Amino acid sequence: MIKNLLALFYLVPIQAPFTSLSSVPDYIGESIPFFFLLIFLEFAFGTQAKNVTLYSMKDSIMSISLGIFQQLVTMWIKNLLIIPYILTYNYTHYWRETFFGGQMIGVKEEMNYDILYFIIGFLGCDLGYYFFHRYSHEFHLLWSTHSVHHSGNRYNLATALRQGAIQPFFSWLVYLPLAVIGLPPIHFVRHSRLNTVYQFWIHTEAVGRLPLIIELIMNTPSHHRMHHSPPGNCNYAGVLIIWDRIFGTFSSELPHQVSDTNKPDKPNNLNLQQKPPQRHPRVSIYGWARPLDSFNPLYANICHLIRLLECNTTTSSGKISYDLSSFQRLISIICKRRVKSEVYIESSLHKLVPDILQQWKLYRHWDAYWHQLFQLPPSVTDSSLITDNKKLTPFSSREVEFLLHRSQQDNGFKSKTNAITAIFLFAITLAASLFLLDQLDSTFSENGSLLEKILFVAGTLTCFYSLHVIGSIQ
């Protein structure tokens with residue numbers, strides 16, 4: 001159990017005594033109990049400690065439902081998606097042996113392959129994830145598969161479970177260079193799973209900024225909150241934030257210090273005999289610029305495509321046109337960029353580490369800022385506070401719109417009967433889905449009977465339909 005918990009933070013042995021792909025630990029499946037344990041702890045203690053609302057019932061059910069939906073879809077093809085990597089690795093093996101005299105390009109036989117494979121797997125998978133994640137925000141086609149993850153109006157550990165069911169069909173492409181240089185499939189699968197599991201714990205508002213060295217190198221809740229705040233085209237890192245710093249896509253969540261005159265105070269000019277200045281309230285806006293108004297997991301996975309269809313094929317009468325020219329226009333837009341950015345190497349120190357430079361200045365006033373360094377500014381989550389100008393600074397129209405929309409969703413179900421029905425059906429669906437995921441390999445092994453396979457497929461379809469029904473309960 002301790003090993004599974006440590007895997008959440010990428011704390012695993014360097015040596016990998018695995019002989020086949022089937023022997024590589026399923027870090028994601030083994031971490032599911034810790035997922036729900038940490039979600040419970042964040043809900044129970046994080047909400048009380050921060051004195052803000054971190055969870056709402058419908059949003060949390062939707063997050064977990066999307067995780068279930070994604071797992072039920074990808075369990076059928078998870079072994080197929082590794083085939084391109086294996087084929088690339090095998091077909092380039094002779095080329096590596098012939099021209100480089102070893103299993104990996106530029107590596108001599110006497111080198112320690114355990115350490116080498118760990119370093120290449122760790123850095124290679126993380127760099128590959130960075131670029132795939134970045135392109136998933138920049139192109140409409142990839143954004144339609146990834147936008148599911150950004151659809152929640154809350155930012156909590158349950159949000160980490162919001163995963164696109166279609167995304168794995170595209171992500172394998174960016175990792176093929178690792179197969180070419182000679183990273184064995186076993187090590188690729190291991191680090192790919194660890195990379196995914198690590199990103200769970202950074203989805204939280206209960207953790208503020210961490211010590212400097214961690215914020216400098218690792219992806220943290222502070223960095224990832226900026227990624228989930230619209231427009232969110234920054235901080236694409238999986239494990240290491242250094243990729244964003246190097247390639248110019250880093251954005252810092254800086255504690256905004258203000259004085260009585262509402263002008264930022266410079267740390268060098270502060271009067272340390274006075275109380276530390278108060279910070280502006282932080283309105284935590286997360287999700288899409290145009291919020292998702294559905295709790296149906298299937299619709300959430302295709303929502304961006306539907307919106308593109310509505311925007312680009314709607315006639316003057318308000319009806320969607322299904323002629324050939326409309327679909328040709330839609331296809332051309334899907335293949336275009338939604339965000340224009342250039343890949344370059346950042347050379348300015350102030351853009352590489354702006355958060356570290358500012359926080360280092362704060363360290364010079366340790367006594368005055370100790371209690372603020374590792375804490376978030378106070379959050380505003382209650383729309384009723386919008387008009388209280390004595391306590392809060394004026395809100396923008398975007399912030400007001402977001403707070404009102406989230407407040408409406410927080411109202412929950414229309415009746416207690418609907419709420420009890422949804423929770424009961426959700427609990428049964430969750431238990432059934434976890435059982436199906438656990439029984440997949442044994443059911444479709446040589447010992448599995450035809451009846452077991454039919455029942456398994458029927459159970460999977462039933463779970464899909466149940467998730468649809470849960471999403472439709474008002």
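The values are calculated or read from the model by the stated rules, or taken from the named source; none is laboratory data. Computed from a predicted model, the values in this text were never measured in an experiment. Note that each Cβ is placed from the backbone with ideal geometry, even for glycine, and that neighbours are counted across all protein chains shown. Quick note on the areas: whole protein, heavy atoms, side chains included, nothing else; ligands and nucleic acids left out. Shrake-Rupley method; radii C 1.70, N 1.55, O 1.52, S 1.80 Å.
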Exercise. Which ones in the stretch 1-20 are in contact (Cβ under 8 Å) with a residue 40 or more places away in the chain and under 25 Å from the mean Cα position of the chain (by Cα)?
Worked result: 7, 8, 9, 10, 12
For this session: Please determine, by comparing only the residues of the stretch 70-109 that are modelled with pLDDT under 70 and charged (D, E, K, R), which one is least open to solvent (accessible area, probe 1.4 Å).
Result: 109
For this session: Run down 262, 233, 269 and say which single residue is at pLDDT 65 or above and of a type in the set (S, T, N, Q).
Result: 233
Exercise. How many residues does the stretch 432-456 contain that are out of contact with any Gly (no Cβ under 8 Å at 6 or more places or on another chain), open to solvent by less than 60 Å² (accessible area, probe 1.4 Å) and part of a helix (DSSP H, G or I)?
Worked result: 5
Exercise. Take the residues of the stretch 414-431 that are hydrophobic (A, V, I, L, M, F, W, C) and open to solvent by 80 Å² or more (accessible area, probe 1.4 Å): which is modelled with the lowest pLDDT?
Worked result: 420
Problem set entry | Members of the stretch 124-142 that are under 18 Å from residue 240 (Cβ atoms), of a type in the set (D, E, K, R) and in contact with a Ser or Thr (Cβ under 7 Å, 6 or more places away or on another chain) | 134
Exercise. Restricting attention to the stretch 110-140, and to residues there that are open to solvent by 50 Å² or more (accessible area, probe 1.4 Å) and among the acidic types (Asp, Glu), which single residue is nearest to residue 333 (Cα to Cα)?
Worked result: 114
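Is it true that residue 180 is open to solvent by 10 Å² or more (accessible area, probe 1.4 Å) and in a helix (DSSP H, G or I)? Walk me through how you get there before you give the answer.
Details: open to solvent by 10 Å² or more (accessible area, probe 1.4 Å): yes; in a helix (DSSP H, G or I): yes.
Spelling it out, residue 180 is indeed open to solvent by 10 Å² or more (accessible area, probe 1.4 Å) and in a helix (DSSP H, G or I).
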Seminar exercise, completed: Exception for residue 164 within (1) surrounded by fewer than 23 Cβ atoms within 10 Å (Cβ to Cβ); (2) outside any helix (DSSP H, G or I); (3) touching a residue at least 40 places away in the same chain (Cβ under 8 Å); (4) not aromatic (Phe, Trp, Tyr) falls at (1)
